[in-house]
Every structure is written in structure tokens, then in C-alpha cells.
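**Student:** The structure under discussion is supplied below as C-alpha cells; questions concerning it will follow.
The values are calculated or read from the model by the stated rules, or taken from the named source; none is laboratory data. Since the model is a prediction, treat every value here as computed from it, not as a measurement. Glycine gets a Cβ as well: all are built from the backbone with ideal geometry, and neighbour counts include every protein chain shown. Remember, those area values only see protein heavy atoms, side chains included, never the ligands or the DNA or RNA. Shrake-Rupley method; radii C 1.70, N 1.55, O 1.52, S 1.80 Å.
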Amino acid sequence: MKQTEPDFWVLEYVTITKDPRTDLVVAIGGTDQAADILQRTGGFLSAPGPRGDYHRLPHGLPVEQQRQKATAASHALLAAGHSVHLDPTLNMLVAPDGEREAALRYLACLTERAAAATTSSEVAEVLTEVAAPVYGLLPLAREVVVRAWIAASDFQGPRPPGNPIPSHGSEAPPPP
């Protein structure tokens, strides 16, 4: 018996995400029934696009309303039998510390991989993930520290010349 590939209803699949260029919440894909659900339950508007119509939330909605409407629409679509991908940043039901917990799990996994390494190449793979020049953890941590320092220095206002910012956490000048 020859097995055939299953038919996938790609057009019925709906992706709800936030466009990084416009900050609009958009829904792409789906059928006429999905469009109706998006409009009724999420308040999405139909808009013409270069590759066909899509749906978007109205301009100027606060972020919490965007998240609420996107979550409501995605769950209504799921209940109607549609396949949906909802951007995790729009999902009202995601725990606020979800990203932090994922980062901690990733670090714990790296620790376990380093401890279980049996070859120098396995150790090198872990160290590469930590110290890779662009996407490694150390360059990203450095970026966090630099941006935090810049933000903190903006709170302090301009400093007179010759009066360095103390590195030990107090406003008093460092001891001679």
C-alpha cells in the first residue's frame, strides 16, 4: 500500500502577530469564516495587502487592548476548529515571567551540557553559545549592562567636568 502525503489546509491557518515596522496587530491567512470570527470577536478590520486581504486591529489601540483582542480572537478561532499561531507577546494568558523562566531553563541546560561533556568539542559548543561574538550570552549581557548604565546616567543629569561617577554605589567621591 502506497502512503500519500496528507492534505494540509494552509489557507485555513491563521497567524496573529504584531508587525514590527508599523506596530499594528495583524492576522494573516484563514478562510471567510475565520475573517468573520476575527471581525466579530477581536474587532479586526479587513485591509487590502500586496498578496491579498489581511486583517488588522485599529490604529492607536493601547497594548493591553491589542493583547486582549488578539487573545480573544485566537481562542474563538481555535474553538471553531482553525489552526492559529498567536504571537506569545500578544497572548494575555502567558505568565509575565515566561521569558525569564525560559532564559533560566536555557542557562540550566547549558550548565548540564557542560557538566555532561565527554569531549573537548562538546565543551567548545557550550562555550561558543556563551561567548559567540554576536549572539552569545556574554555580548548580550554586556549590552544589558551598557544600556542600563546609559539609562542610569541619564537620570543623574549632567556632571561637572572632573567629577567622575563613583563605581561603588554612593555619591561621595572615591577615597584617595
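**Student:** Given the residues GLU129, GLU143, GLU125, GLU99, which is the only one that is within 30 Å of GLU12 (Cα to Cα), acidic (Asp, Glu) and either in contact with a Lys or Arg (Cβ under 8 Å, 6 or more places away or on another chain) or at pLDDT below 90 (or both)?
**Tutor:** Only one candidate passes the filter, namely GLU99.
**Student:** Under 8 Å by Cβ, and 6 or more places apart or on different chains, what pairs join a residue from segment 67-87 that is closer than 12 Å to GLY29 by Cβ and of a type in the set (A, V, I, L, M) with one that is assigned to a helix (DSSP H, G or I) and open to solvent by less than 30 Å² (accessible area, probe 1.4 Å)?
**Tutor:** Short answer, once both residue conditions are applied: LEU77/ALA34; LEU77/ILE37; LEU77/LEU38; VAL84/SER74; VAL84/LEU77.
Here's the yes/no breakdown for (1) over 30 Å from ALA131 (Cβ atoms); (2) polar (S, T, N, Q):
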{"position": "ARG21", "(1), (2)": "yes, no"}
{"position": "GLY43", "(1), (2)": "yes, no"}
{"position": "HIS59", "(1), (2)": "yes, no"}
{"position": "ARG67", "(1), (2)": "yes, no"}
{"position": "SER83", "(1), (2)": "yes, yes"}
{"position": "ASN91", "(1), (2)": "yes, yes"}
{"position": "VAL94", "(1), (2)": "yes, no"}
{"position": "LEU110", "(1), (2)": "no, no"}
{"position": "ALA116", "(1), (2)": "no, no"}
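**Student:** Quick one: SER74 ticks every box in (1) in a loop (DSSP other than H, G, I, E, B); (2) open to solvent by less than 80 Å² (accessible area, probe 1.4 Å); (3) modelled with pLDDT of 80 or more bar one, so which box is it?
**Tutor:** (1)
**Student:** Check off (1) out of contact with any helix residue (DSSP H, G or I) (no Cβ under 7 Å at 6 or more places or on another chain); (2) more than 29 Å from ALA132 (Cβ to Cβ); (3) among the β-branched types (Val, Ile, Thr) for VAL25 and give me the number that stays unchecked.
**Tutor:** Failing condition for VAL25: (1).
**Student:** Report yes if LEU138 is open to solvent by 80 Å² or more (accessible area, probe 1.4 Å), more than 19 Å from LYS18 (Cα to Cα) and either at pLDDT 90 or above or in contact with a His (Cβ under 6 Å, 6 or more places away or on another chain) (or both), otherwise no.
**Tutor:** no
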